[in-house]
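What follows is calculated from the coordinates using simple rules that are stated; it is not laboratory data. As the structure is a prediction and not an experimental result, all values here were calculated from the model. Because the Cβ atoms are built from the backbone with ideal geometry, glycine has one as well, and the counts that use them run over all protein chains shown.
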Amino acid sequence: MRVWDRHFTAWQVLRGEVKVSAHGRSCRVTPGQWVLIPPVENERRFSDSARILSLHFRASWISDLPLFEWEGPLVLEAEETRAWLPPTVPMLKLVRRFFPQAYNKLRDQDVSYEQYMALQGNFHRWLGLVWAVLRARGVVSHMPVQGDSRALIMKRWMDAQPMGEPVRMQDLAELVGLSIAQINRIFTQSYGLTPKRYAERLRIDYALAALSTSDSQLKEISFRLGFRHQSEFTAWFKKRRGQTPSEFRSKYT
């Protein structure tokens, strides 16, 4: 099964085996081992008897800079990850207790302050242990760079806009009281690309996720992205990905 994912994935294989491929790298994960998968397109295959402990998470600074970065699946031995289980098991028990019907959609749930702190406390403890192992493995870790607060305001505004609504540079300029040339400069300094390119990336990320993880018809996805005709969406997608939406989706069916 192929998956295009924007989040990190961590699995511990409890029984059977899992095979993961990404960025030209393949690995076989057996009982006791963990595998960490970065936010990339990947393919995974599970044996019939496979049973895994699974965590799906984001790990980035407020600027969207990831905490760590590597290519392809990374297999870790039981000796390296022995300290991970103490915070992992209570965290999963809390999820089952508080959200028995929403195991895969925690970010959509209403939680009390006590529930939030209990989950976050265990998760941050676990993430700190993961980070320590990754650094020992030589994985690149990032530290936040102080950026312009106005760039963050623009980013959050674009993140909150309906996907089908075009982002007008003049609206962004008025939002932070700057000229278009100025918003391009400070946004690029903070995030490495212009606001227009960032808005375009949001659209392509949405299209990739919708095509790979949903059964929505192409016409419906086109409409959500603001295209009047499916043919316009097809041409736009092919120009950016080198294949049509149907060709991309065929890899996931």
Kindly indicate which of Leu14, Leu74 is exposed (fewer than 13 other Cβ atoms within 10 Å of the Cβ) and either among the hydroxyl-bearing types (Ser, Thr, Tyr) or closer than 30 Å to Met117 by Cα (or both). Leu14
So Glu200 ticks every box in (1) over 20 Å from the mean Cα position of the chain (by Cα); (2) surrounded by fewer than 18 Cβ atoms within 10 Å (Cβ to Cβ) but one. Which box is left unticked? (1)
Among residues belonging to region 186-202 that are in a helix (DSSP H, G or I) and aliphatic (A, V, I, L, M), point out the one that is farthest from Gln243 (Cα to Cα). Ile186
Is there any pair linking a residue in region 195-208 that is on the phi < 0 side of the Ramachandran plot to one that is among the acidic types (Asp, Glu) and part of a helix (DSSP H, G or I), with Cβ under 8 Å and at least six apart or on different chains, and which? Leu202/Asp159
Of all residues making up region 36-70, the number that are surrounded by fewer than 13 Cβ atoms within 10 Å (Cβ to Cβ) and either touching a helix residue (DSSP H, G or I) at 6+ places or on another chain (Cβ under 6 Å) or under 16 Å from Arg6 (Cβ atoms) (or both): 1
From the list Ile183, Ile153, exactly one residue is of a type in the set (A, V, I, L, M), in contact with a Leu (Cβ under 6 Å, 6 or more places away or on another chain) and either free of Cβ contacts under 8 Å to residues at least 60 places away in the same chain or over 14 Å from Arg197 (Cα atoms) (or both). Which is it? Ile183
Suppose we keep only residues that are among the aliphatic types (A, V, I, L, M) and not in a helix (DSSP H, G or I) within region 125-175. Which one would you say is surrounded by the fewest Cβ atoms within 10 Å (Cβ to Cβ)? Met143
